[in-house]
Amino acid sequence: MTSCLTADSDNVSPATIGEILRLPALEVRQGHNRLLYSFAVDGKRLPDFAAISRVHRDGNAEVEGYQRPEVLTHIKAIRRYIESDAPMIPNALVVAFDKRVRFEPFEGIPSTNYARPGTLLIPVDENALDEDKPGWIVDGQQRSAAIRDADIESFPIFVTAFITESDEEQRAQFILVNSTKPLPKGLIYELLPSTTGMLPVPLQQRQFPAKLLCRLNYIFESPLYRKIQTPTTPEGIIKDNSILKMLENSLSNGALYRFRDPLTGRGDEDAILSLLMSFWSAVRDVFSEAWDKPPRRSRLMHGVGIVSLGFLMDAIVDRYSKIRIPDTKDFAADLAGLTEICCWTSGYWEFGPRDQRRWNELQNTSRDTRVLTTYLLAEYKARVVGK
């Protein structure tokens, strides 16, 4: 039977009793109902109860986990410091616990209305798989790995923890903790759709476009299925930020705006996806020779092409707006009128008498995107709308 004895004032050092790790801790109340736990533990013991949850997708293409892969060079640097003569790591790691972890307050010990001392009870099973451990490291992945690998007997470390059963809350805390650090933007964008809770305004504004990107990338019928490069789809050939820019432009003042709720920033996902899939299916069919090639071989799949074609999509939808929402055939018919002037994989773009650009000279810059967009819209008006 597992023992749950409470530490007393004469014995406050951490000890393992049966399968429960008992650690002196301070419970801190923030706001009305948020509880944090501050404690110290030998960093060598962290892997006994806390795992690193790396971002990946399950069989249903849903995001699981939230951590970036270990940065080996960073870990080695921290490890060398820990193995030096006088190391000190004052910053606390952040750990999310599930509800198997409990807090027992000390009886008769002075406390305040927002903090009280006690014991944190953490179940430990040395044979447990990572996914079965009660804790996940939200912040401090590299430090914990360095302590784990360091050639030292022990290294106490501060930990701040919270208890939740919600993966969404863990992701929200992970994003908030790392928002001021050099966290890969692609990882943030991939986590946003399945994240709840209060986020900074810029991230809130990107949450809906990020959800649309996710669905475009993981719906099998989508012409962009697994073609968008993200942390869980590294084989993708289109940069996630290019797709996000295309979506944000159209949502703010383009074809997708009509499906959007300006108060919430969200919209009719199914209607938006239907339009997007129709347009990009037409792009794939009309410009088949430039489709599904890496950006270095096709400017169609390059950021400059993706964003410019997004503006062209808006123009085509606007042309049909008084009749219907265009389908794949409508988009393809209009795009076909531009095949002669598009140089996605070879030749020269004829932007003007003194502005001739080789196909691969176009770069993913605001200026080149503006030049290509202006050219495509002008040619569309002359060659398609004009007729």
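The values are calculated or read from the model by the stated rules, or taken from the named source; none is laboratory data. Every value quoted in this text rests on a predicted model; they were computed, and no experiment measured them. Quick reminder, even Gly has a Cβ in these numbers, built from the backbone with ideal geometry, and neighbours come from all protein chains shown.
Tabulated data for the structure shown
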quantity	calculated
Failed criterion for ASP151 (all others in (1) surrounded by 15 or more Cβ atoms within 10 Å (Cβ to Cβ); (2) over 23 Å from the mean Cα position of the chain (by Cα) hold)	(1)
Some residue of segment 366-380 being assigned by TED's automatic domain parsing to the domain that holds ASP285, under 13 Å from SER308 (Cα atoms) and either outside any helix (DSSP H, G or I) or in contact with a Gly (Cβ under 7 Å, 6 or more places away or on another chain) (or both)	no
Positions within segment 258-280 being over 25 Å from the mean Cα position of the chain (by Cα) and either surrounded by fewer than 19 Cβ atoms within 10 Å (Cβ to Cβ) or modelled with pLDDT under 95 (or both), in sequence order	ARG258
Out of LYS322, LYS329, sole residue that is in a helix (DSSP H, G or I), among the basic types (Lys, Arg) and surrounded by fewer than 16 Cβ atoms within 10 Å (Cβ to Cβ)	LYS329
Qualifying residue in segment 350-358 (condition: touching a residue at least 40 places away in the same chain (Cβ under 8 Å) and assigned by TED's automatic domain parsing to the domain that holds LEU273)	no
Every pair of residues 6+ apart whose Cβ atoms lie under 6 Å, when the first sits in segment 85-99 and is outside the structural domain of VAL124 (by TED's automatic domain parsing) while the second is loosely packed, with under 10 Cβ neighbours inside 10 Å	none
Count of residues meeting criterion [within 29 Å of the chain's Cα centre (by Cα) and either outside any strand (DSSP E or B) or outside the structural domain of TYR114 (by TED's automatic domain parsing) (or both)] in segment 19-31	1
Hey, ILE109 at pLDDT 65 or above and either in contact with a helix residue (DSSP H, G or I) (Cβ under 7 Å, 6 or more places away or on another chain) or in the same structural domain as PRO234 (by TED's automatic domain parsing) (or both) or not	no
